[in-house]
Amino acid sequence: MRILNNKLLLLTLTLSLPLSILGAENVHGDESPEANTNAPAGDKLADAEIQTMLRDYIDTDKLGVGLVIGIVDEHGARVVSHGRMDNGTDRDVDGETVFEIGSITKVFTALLLQDMVERGEMKLDDPVQKYLPDSIRMPAYQGKQITLLHLGTHTSGLPGGPNNLSPKSWRDPDQADYTAEQLYVFLSHCTLRRAPGIQEEYSNLGMELLGHVIALKAGKDYETLMLERICRPLGMDSTRIALTPELKSRLAIGHAIPGRPVRSMNFSFLPGAGGLRSTANDLLKFVSAYIGLSSSPVSSLMEKAKAFHSLESGGKLMLVWGSDKTVFAHNGGTYGYMAVLGFDPKIRRGVVVLSNCRNSVIVGPIWQPLRDGRSPKPPRTAQIDAALYDRCMGQYQAGQNEICAVRREGDRLLLQWLGHPGQRQRNLSYEVFPQSESVFCNEFWGVQAMFLPAADGQALKLVLTSLGPYSGFKDPIKLTKVSTDVPETPAPIQLDSRIYDSYVGQYRKAFIFGLIHLGPTLSVSHETDELGNHLIASVRGLPGYDTAEFFPMSETSFNVNPITTEDDIGLTFVRNRKSKTTRVNVYWNGTKLRGARISNKPAK
């Protein structure tokens with residue numbers, strides 16, 4: 001199962017700085033925490049400032065569909081949101097909008113395990129085998145068995161997912177109809193590469209199995225147990241796996257990328273790793289109880305769930321949380337959603353971020369500066385001539401030909417990394433505020449930019465002198481102005497059905513002027529449903545790559561569905577002078593492959 005992602009220890013400012021420079025890391029109130037209209041006392045970050053960032057991200061940068069931010073601390077809870085539910089109505093997202101939360105579900109599964117332990121129904125050092133039918137053989141390593149603690153700390157040695165999935169369609173790569181019998185067959189034939197408890201390795205399968213055996217022991221399905229022991233005691237009335245008609249009416253439609261809605265995930269059998277749907281208001285209740293801001297029947301349970309447990313490796317880990325007990329965070333992602341939940345017990349402040357767009361680049365990085373509550377605008381700013389803004393506008397090039405664009409919107413100056421031409425994913429733009437005629441900063445992200453006057457015959461320079469505590473990078477980045485033009489933000493691409501049809505067929509690498517075709521076959525098909533047109537590609541003759549959807553970046557270029565594979569794969573179709581498609585260029589993790597069209601029909 002490809003539920004995004006691992007523990008959120010994200011310290012990279014991926015939304016505003018080039019990944020090749022910084023590198024990327026993985027990351028998945030009150031009793032009634034409704035939104036306050038203003039920031040609490042002592043918090044310098046106003047709701048209006050958050051709203052501006054969300055508006056820039058969704059309306060201007062066109063990188064999201066709907067975003068909901070929830071913040072809770074000793075002064076209360078508030079929700080700031082922007083964007084659309086896109087569910088056939090004109091409703092905007094808000095604190096009551098339902099989202100898939102993916103791997104944040106694991107935090108609830110861990111809490112259920114702690115509850116089972118407190119009730120004396122399970123023990124952490126119990127072998128998982130104890131709770132499975134006698135006919136099932138759990139994998140072991142040289143006699144060392146996997147325990148419940150190993151599952152809850154991602155140290156079981158089990159892989160991320162089972163290898164006996166057999167999806168019937170590209171629409172469901174994780175196979176919603178996967179059965180207990182299939183799971184048991186996989187477990188009975190699985191071989192561990194190392195002893196349990198030795199190495200932490202993120203495993204959706206391990207958490208799915210944990211939720212399964214908890215439900216078996218309790219004699220109730222996972223959702224019923226979760227509602228009885230966690231959600232209802234916390235007043236979380238909008239957190240479910242199976243949605244009622246009323247909750248469905250509040251469900252934001254998920255998108256792989258803006259403009260491309262996708263189907264919801266279905267976890268009817270194994271929901272313990274990513275099956276929950278929830279709202280910002282509900283999750284703020286959960287966070288508030290975990291911090292100790294509100295009292296509830298599960299408060300003592302949450303406190304015990306923060307305990308560290310000794311493992312065979314000599315290390316100590318908490319259940320699910322990958323924290324140092326200073327900052328707790330977990331993210332999650334499904335086909336069309338991204339989410340993060342985090343809190344700092346020391347300052348007693350928690351943050352929830354929910355997006356109905358899977359490729360959102362803001363969800364992971366934004367929660368930590370939201371936790372810190374700094375205003376983007378420094379306490380003191382300079383009054384400068386607006387003409388200086390015009391002088392700064394344009395494109396600046398870094399040493400590896402990556403581009404940073406600087407644009408003006410009225411009295412606002414914004415920076416945005418565009419990366420390499422044709423880069424798969426664009427980044428968020430952010431406003432910088434003048435501290436002098438040449439120095440601009442954004443304290444929310446901890447970024448400082450300096451514009452150096454152009455010497456005789458030389459172009460204007462831009463130096464990012466401070467990249468802040470979230471960047472993971474200390475040295476300045478120097479750029480040179482190469483153009484006064486500021487490129488328009490591309491809108492989501494919508495193509496006519498006939499264009500999809502023109503690319504259907506089979507492609508193979510051609511030799512000797514196209515007379516010989518060798519290697520794997522790329523088969524391209526076109527399907528339609530209530531969500532629109534779909535370009536589907538499959539590779540025949542190359543193990544490990546089956547079928548995936550590709551989304552349009554332009555009329556001729558398509559990128560793979562980002563949840564199908566971690567590889568960066570793009571297709572660019574080439575036409576001849578008669579506008580007939582003759583070949584395809586495949587861009588695979590930086591490598592370009594060329595395929596000639598050998599048939600106008602997909603492979604059977």
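The values are calculated or read from the model by the stated rules, or taken from the named source; none is laboratory data. Being a predicted model, the structure only gives us computed values, none of them experimental. Here the Cβ is made from the backbone with ideal geometry for all residues, glycine too, and neighbour counts use every protein chain on show. Keep in mind that these areas ignore ligands, DNA and RNA; they rest on the heavy atoms of the full protein, side chains included. Shrake-Rupley method; radii C 1.70, N 1.55, O 1.52, S 1.80 Å.
Against the condition at pLDDT below 95, outside any helix (DSSP H, G or I), over 22 Å from Gly259 (Cα atoms) and among the β-branched types (Val, Ile, Thr), how does Thr37 come out, does it pass?
Here the answer is yes, as Thr37 does meet what is asked.
How many residues, within segment 257-295, are open to solvent by less than 10 Å² (accessible area, probe 1.4 Å) and in a helix (DSSP H, G or I)?
Total meeting the criteria: 12.
Does Leu63 fit the bill of being closer than 16 Å to Ile366 by Cα and either open to solvent by 10 Å² or more (accessible area, probe 1.4 Å) or not in a loop (DSSP other than H, G, I, E, B) (or both)?
Here the answer is yes, as Leu63 does meet what is asked.
Can you spot a residue in segment 550-559 that is within 32 Å of the chain's Cα centre (by Cα), open to solvent by 50 Å² or more (accessible area, probe 1.4 Å) and modelled with pLDDT of 90 or more?
Yes: segment 550-559 contains one or more residues that are within 32 Å of the chain's Cα centre (by Cα), open to solvent by 50 Å² or more (accessible area, probe 1.4 Å) and modelled with pLDDT of 90 or more.
For segment 406-423, enumerate the residues that are surrounded by 19 or more Cβ atoms within 10 Å (Cβ to Cβ) and more than 26 Å from Ile569 (Cβ to Cβ).
Those that are surrounded by 19 or more Cβ atoms within 10 Å (Cβ to Cβ) and more than 26 Å from Ile569 (Cβ to Cβ): Val406, Arg407, Leu413, Leu414, Leu415.
Collect the residues in segment 324-347 that are touching a helix residue (DSSP H, G or I) at 6+ places or on another chain (Cβ under 6 Å), open to solvent by less than 10 Å² (accessible area, probe 1.4 Å) and closer than 17 Å to Pro261 by Cβ, keeping them in residue-number order.
Those that are touching a helix residue (DSSP H, G or I) at 6+ places or on another chain (Cβ under 6 Å), open to solvent by less than 10 Å² (accessible area, probe 1.4 Å) and closer than 17 Å to Pro261 by Cβ: Gly333, Thr334.
Look at Leu301 and say whether it is crowded, with 24+ Cβ neighbours inside 10 Å and closer than 25 Å to Met116 by Cβ.
no
Just give me the residues in segment 75-92 being assigned to a strand (DSSP E or B) and within 17 Å of Val352 (Cβ to Cβ), in sequence order.
Gly76, Ala77, Arg78, Val79, Val80, Ser81, His82, Gly83
Considering segment 102-146 alone, what residues qualify as being surrounded by 22 or more Cβ atoms within 10 Å (Cβ to Cβ) and over 20 Å from Lys306 (Cα atoms)?
Those that are surrounded by 22 or more Cβ atoms within 10 Å (Cβ to Cβ) and over 20 Å from Lys306 (Cα atoms): Gly102, Val128, Ile146.
Can you tell me how many residues in segment 424-447 are open to solvent by 60 Å² or more (accessible area, probe 1.4 Å) and modelled with pLDDT of 85 or more?
Final tally of qualifying residues: 3.
Could you grab me the full set of residues in segment 215-256 that are within 16 Å of Asp86 (Cα to Cα) and open to solvent by 70 Å² or more (accessible area, probe 1.4 Å)?
Listed by number, the list holds a single entry, Lys248.
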